[in-house]
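Input: a single structure, listed below in structure tokens.
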There are 2 protein chains.
Amino acid sequence: MPTYRKVAIVGVGLIGGSIGLALRQRGLAQQVVGIGRRQSSLDRALACQAIDEASTELDEGVAGAELVVVATPVAAVADHVCQALAAVPEDCLVTDAGSTKGAICAAVESRLQDAGRFVGSHPLAGDHRTGPEHARGDLLEGKTVVVTPTQSTPAETIAKVELFWQNLGARVTKLAPVEHDEALAATSHLPHLMASALAAATPEEWLALAATGWADTTRVAAADPELWTQVLAQNKPAVLAALGRLSEQLEKLEANLLEENWSELRESLQNGKRIRDALGS
Amino acid sequence: MPTYRKVAIVGVGLIGGSIGLALRQRGLAQQVVGIGRRQSSLDRALACQAIDEASTELDEGVAGAELVVVATPVAAVADHVCQALAAVPEDCLVTDAGSTKGAICAAVESRLQDAGRFVGSHPLAGDHRTGPEHARGDLLEGKTVVVTPTQSTPAETIAKVELFWQNLGARVTKLAPVEHDEALAATSHLPHLMASALAAATPEEWLALAATGWADTTRVAAADPELWTQVLAQNKPAVLAALGRLSEQLEKLEANLLEENWSELRESLQNGKRIRDALGS
């Protein structure tokens, strides 16, 4: 017997679609409903069997759901969460899948008397590609999902949302929304800015001489500029702080090079290697 | 019948080993001799069948060769090229596989009366891993090798070295040594510095929250710090120029973020995406 009666997914892009696929492939839900603005996206999600049913009306789509996952662009998440909470049964929980958490969680709590049926989530999985046609049922398997309770989130809400992600094969880490944003500024938002700056700094006539190093280093720059502008806008102070740390490192490397201080340059590269090696491949 | 009688490879690391493997797997040479300082590296290269014979003496190893490829760290290349040219038969050509070309080609031409039997090469293939145990016979297949003749390089030398790389499955592009270095500063040396700076700018307690974006963007930072210090040292002016272009881009992004100029930030990210997309995956 499926764990969930009805799960509603608001936004059936890469992440929403992958959650739907995973729920269906694992037989976890009796019904997976996808909600989106455009019928064309919903049709693509239906075609790749990421959802059982589709609706362009949020209120209608979430009605009777046991769990709602909001996987829309971050600037829209708080609105969709509040709208869903107003339309669902009393025992229904709501979470999201946005790359930022501070602004979203604060907005939801400031707008609702009782935001206790919401807790934020951020699955650390994805791709520079978008759309349900790139969704994969195993996208979350073995990946980390950060769940971000606030001081007013009930333990039961946290436990149920945690279990939801675990049911999809993910590992859950809990962090306060602001801590999440500071960490992700360094591990995700800054790499994105940097990849974009590096691509833009490459004279195009030399692209034919780019090999795997350039390709790896700039890969995330291919992601959607609108989605990323929203992410950077929502995490401005932490991203600026991370940019400051990067500038310091770049200035140090530049000074080593200018002053031909090769032993220090080697040590700096060794330090970068040590931290990179700590992650594994 | 094999195309080459004897090919000598000075330095049997990842690149030298892969050249040896390709020559042997394609039946291109009667004999592939590997030359190295350490018997242990030579033994590993013999064990993975990258070479037929090994020698720790350059003069002895290159004797009777028809072609010598110097694949040692860039700071040693010019010495090894000159030493090889003094020890080989008159009809033997010498090339190299170093990531920088200006300093190497200038050093060889300044030291030898007749440097016409040498032309520089740079195979745009590699890995952040080193050593013959990571060598692959198909490493150069479909990859670009930049061959860098100077005004005094005879056409015959260029043609023969070009054919050598084509025989291994690579495409050849010809560029003057200085042009090569300017382009590679942007497409390879700067990405390396940047990956290292990004890794170093990441507070280690947040590494657990790094996903594929961070992993891709920092991958090349795992490469050998000593080899890269030599590369950066040999290409100082072009790398500083490339760093300057990157800093401009980063400053622009930082200003967009500070001033909350979201439409310009989106345009900058769109520009980075356009250049990244031009490369393909």
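The values are calculated or read from the model by the stated rules, or taken from the named source; none is laboratory data. On a predicted model such as this, the values are computed, not experimentally measured, just so you know. Please note: Cβ atoms are built from the backbone with ideal geometry, for glycine as well, and neighbour counts cover all protein chains shown. SASA here: full protein model, heavy atoms, side chains in, ligands and nucleic acids out. Shrake-Rupley method; radii C 1.70, N 1.55, O 1.52, S 1.80 Å.
Expressed as a fraction of 2.2 N^0.38 Å, the C-alpha radius of gyration for the range B:1-105 is 0.96.
Between the Cα long axis of helix B:102-111 and the first principal axis of chain B there is an angle of about 30°, rounded to the nearest 10. Partners of B:LYS160 within straight-line reach, counting lysines whose Cα lies under 19 Å from its Cα and excluding those fewer than 8 residues away in the same chain: B:LYS6, B:LYS101, B:LYS143, B:LYS174. Taking the C-alpha atoms only, the angle from helix A:262-279 to the longest principal axis of chain A is near 20 degrees. Overall, the protein assembly as shown carries a charge dipole of about 980 debye about its Cα centre when +1 sits on the Cβ of Lys and Arg and -1 on the Cβ of Asp and Glu, all other atoms neutral.
What translational diffusion coefficient, to the nearest whole µm²/s, does chain A have by Stokes-Einstein, given a Kirkwood radius computed over alpha-carbon pairs, a temperature of 4 °C and 1.567 mPa s viscosity? In µm²/s, the coefficient rounds to 64.
Distances from A:GLU53 to itself in the other copies, using label points 7 Å out along the Cα-Cβ axis, amount to 7.9 nm in increasing order.
Between 0 and 90 degrees, the angle of helix B:74-87 with respect to the longest Cα principal axis of chain B falls at about 10 degrees. Taking every DSSP helix (H) stretch of at least 4 residues in the protein assembly as shown, weighting each as -39,500 (n - 2.57) and dividing the sum by the residue count yields a mean residue ellipticity at 222 nm of -15500 deg cm²/dmol.
Taken about its Cα centre, the range B:66-185 carries a charge dipole of about 180 debye when Lys and Arg each add +1 at the Cβ and Asp and Glu each add -1 at the Cβ. Projecting the Cα atoms of B:ALA185, B:ILE51, B:GLN249 onto the charge dipole of the protein assembly as shown, computed from C-beta unit charges around the Cα centre, puts B:ILE51 farthest toward the positive end. Considering only alpha-carbon pairs that sit under 8 angstrom and 6 or more positions apart, the relative contact order computed for the range A:1-131 is 24 percent. In this structure, the amide hydrogen of B:VAL145, modeled 1.01 Å from its nitrogen in the peptide plane, lies closer than 5 angstrom to those of B:LEU124, B:ARG171, B:VAL172, B:THR173, counting only residues at least 5 positions away or on a different chain.
Positive-end ranking of B:ASN235, B:ASN167, B:CYS82 along the dipole of the protein assembly as shown, with charges on Cβ about the Cα centre, is headed by B:ASN167. Name the shape class, rounded, prolate or oblate, that the alpha-carbon gyration tensor gives for the range A:18-68, where a ≥ b ≥ c are the square roots of its eigenvalues, rounded holds for a/c under 1.5, and otherwise prolate holds if a/b is larger than b/c and oblate otherwise. Oblate is the answer for the range A:18-68, as a/c is 1.5 or above yet b/c matches or exceeds a/b. When only Cα pairs below 8 angstrom with a gap of at least 6 residues are kept, chain B shows a relative contact order of 16 percent. What the protein assembly as shown shows is 40 Å² of accessible area per residue, with the surface traced by a 1.4 Å probe over protein heavy atoms.
Taking the Cα centre of the range A:123-250 as reference, the dipole from Cβ charges on Lys and Arg (+1) and Asp and Glu (-1) amounts to some 280 debye. Residues in the range A:183-188 carry Karplus couplings, in order, of 5, 5, 4, 7, 8, 9 Hz; the curve used is 6.51 cos²θ - 1.76 cosθ + 1.60 with θ = phi - 60°, and Gly or Pro positions show x. Note on the protein assembly as shown: Kirkwood hydrodynamic radius from all Cα pairs is 25.7 Å, rounded to one decimal.
Distances from B:ALA255 to itself in the other copies, using label points 7 Å out along the Cα-Cβ axis, amount to 2.5 nm in increasing order.
Of A:PRO89, A:PRO149, A:PRO203, which has the largest mean-square fluctuation in a 10 Å C-alpha GNM of chain A? Of A:PRO89, A:PRO149, A:PRO203, the Gaussian network model singles out A:PRO203 as fluctuating most. For B:LYS273, the lysines whose Cα falls under 18 Å of its own Cα, not counting residues fewer than eight places away in the same chain, are B:LYS252.
If you take all other residues with their beta carbon under 11 Å from the beta carbon of A:GLN234, and give Lys and Arg +1 and Asp and Glu -1, the sum is +1.
Is any residue of the range A:105-119 close enough, with backbone N under 19 Å, to a label point placed 7 angstrom from the Cα of A:ALA155 along the Cα-Cβ axis, and if so, which? A:116-119, by backbone N distance to the label point.
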